[in-house]
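Only one structure is covered here, and it is reproduced in the block below.
The values are calculated or read from the model by the stated rules, or taken from the named source; none is laboratory data. Treat the numbers as computed from the prediction; the structure is a model and nothing was measured. FYI the Cβ positions are ideal-geometry reconstructions off the backbone, even for glycines, and counts take in every protein chain you see. For the accessible areas, the whole protein counts, side chains as well, though only heavy atoms, and no ligand, DNA or RNA atoms are used. Shrake-Rupley method; radii C 1.70, N 1.55, O 1.52, S 1.80 Å.
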Amino acid sequence: MSIDYQSLAVKGVQALSPYQPGKPIDELARELGLRPDSIIKLASNENPLGPSPKALTAVREALDELCRYPDGNGFELKQALSVRYGVMPAQITLGNGSNDVLEVITRCFADPASEVVFSQYAFAVYPLVTQAIGATGVSVPARDYGHDLDAMADAVTDRTKLVFVANPNNPTGTVHGAGVIEAFLERIPAHVLVVLDEAYCEYLQGDGYVDGVSLLERYPNLIVTRTFSKAWGLASLRVGYSISSPEIANILNRVRQPFNVDTLALSAATAVLDDEDYLQRSRQVNAEGMKQLEAAFEHMGLDYIPSAGNFIAVDVGERAADINQLLLQQGVIVRPIAGYGMPGHLRVSIGLPEENDRFIESLARALDSLATAETGKGA
Ligand SMILES: *Cc1c(COP(=O)(O)O)cnc(C)c1O
């Protein structure tokens, strides 16, 4: 007799569809018979500069230790983070990417009786981890594509255990200022935990900088998560972390896998925190690339959502899926976000100037060929 394994899976998992990552370069190369180096990927908000030389040196030096388990406490990385951000090492929880930390938080604090609040168009991992543990996700309608924090505070009930806020948000790039975040935290009851996901905070500059860590003392129910995958350029190594009260970190530590961050990742992340020059260049390349894409969209008459991250969502209309295909055929990978409920938008990561140019030219060609096809049909 055949067994329906689907029915054996726990309820939350039965209805789950897996996270859809950006298409890997090698996959498109195989599909199109192209050389990988002829393809550009602007689909996963990776740092276009490549890794910092300091990270590369640290990884090479760490190679001899591959036979040993990593430092499960991440002593040196926590030291470096604690100096940089003015917190105690006991407030830091390391993860295999911040994705891991987000999942650990959810497993520690929510169960099938709980509600977890997040925004429409927010990062896909929040509903995913919520559903996987069988909790009830409460998706609050967005305002101008951003988090409607008042509505999110209103959505908190007796059953709410967690609220996720991405600031800046992915895939929309929307951001709230410090005052707005504080006003929101004021409205959240002390027994509800707020996860402030700051995966893109390194791209915020000057007056626009919002720093969740500075709010931890006043709001002990706050957990700030950050990552080395974006501005720090280490997406492949999988390192992220949270900063919270030591009490919360202690709880997260019980569920965290003992060796969730490997030696190469620990070494590279520690080393890159010393490379202020790399961070500066990353910000610079991003700010210039953002202007380049905004100008091109305006020139083409396309609406876009102003973004505080290292990516931008552009409205290409109802033919977005076709345009995405036409971009892929030209060796350009961007991110369709229909899965986020935004079927008319494509999310494009900011690349190097020449990558941005190539994307802009390919997009113009795709729009042209669709327009020509339309006219052809009409005639
Ligand atoms: C990319 C991203 C993350 C997580 O990335 P990791 O590589 O797992 O650290 C978390 N939150 C948001 C909003 C992101 O865009």
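Filter the trypsin sites (Lys or Arg not before Pro) in segment 1-97 to those in DSSP coil with at most 10 other Cβ atoms within 10 Å of their Cβ, and list the result. Please list the in-between numbers first.
Values: sites: Lys11, Arg30, Lys41, Lys54, Arg60, Arg68, Lys78, Arg84; in loops: Arg68.
Hits after loop and neighbour filter: Arg68.
In whole Hz, with x marking every Gly and Pro, tabulate ³J(HN,Hα) for segment 136-147 from phi via Karplus 6.51 cos²θ - 1.76 cosθ + 1.60, θ = phi - 60°.
So the Karplus estimates, Gly and Pro as x, are 9, x, 10, 8, 9, x, 7, 10, 6, 6, x, 5 Hz.
Give a residue-ordered list of calculated ³J(HN,Hα) values for segment 188-200 (Karplus: 6.51 cos²θ - 1.76 cosθ + 1.60, θ = phi - 60°; whole Hz; x for Gly, Pro).
With coefficients 6.51, -1.76 and 1.60, one gets 8, x, 4, 8, 9, 7, 10, 9, 9, 8, 10, 4, 10 Hz.
Kindly provide the GluC sites (Glu not before Pro) of segment 131-218 that DSSP labels as loop, not H, G, I, E or B, and whose Cβ sees at most 14 other Cβ atoms within 10 Å. Mind showing how you got there, number by number?
Working: sites: Glu182, Glu186, Glu198, Glu202, Glu217; in loops: Glu198, Glu217.
Of the GluC sites (Glu not before Pro), the ones in loops of segment 131-218 whose Cβ has at most 14 other Cβ atoms within 10 Å are Glu217.
Tally up the carbon and sulfur contribution to the accessible surface of segment 291-354 as a whole percent, 1.4 Å probe, everything protein left in place.
Working: 1360 of 2570 Å².
Summing carbon and sulfur atoms, their accessible area is 53 percent of the total for segment 291-354.
Could you derive backbone 3J(HN,Hα) for segment 64-81 from the dihedral phi with the Karplus parameters 6.51, -1.76 and 1.60 (θ = phi - 60°), listing whole Hz in sequence and x where the residue is Gly or Pro?
Values per residue, Gly and Pro as x: 5, 9, 4, 6, 9, 5, x, 5, x, 9, x, 3, 5, 5, 5, 4, 4, 5 Hz.
I'd like to check one number: the per residue accessible area of the chain, probe 1.4 Å, reported in Å² as a whole number. Kindly include the intermediate steps, with their values, before the conclusion.
On the way: 17650 Å² over 379 residues.
In whole numbers, the chain has 47 Å² accessible per residue.
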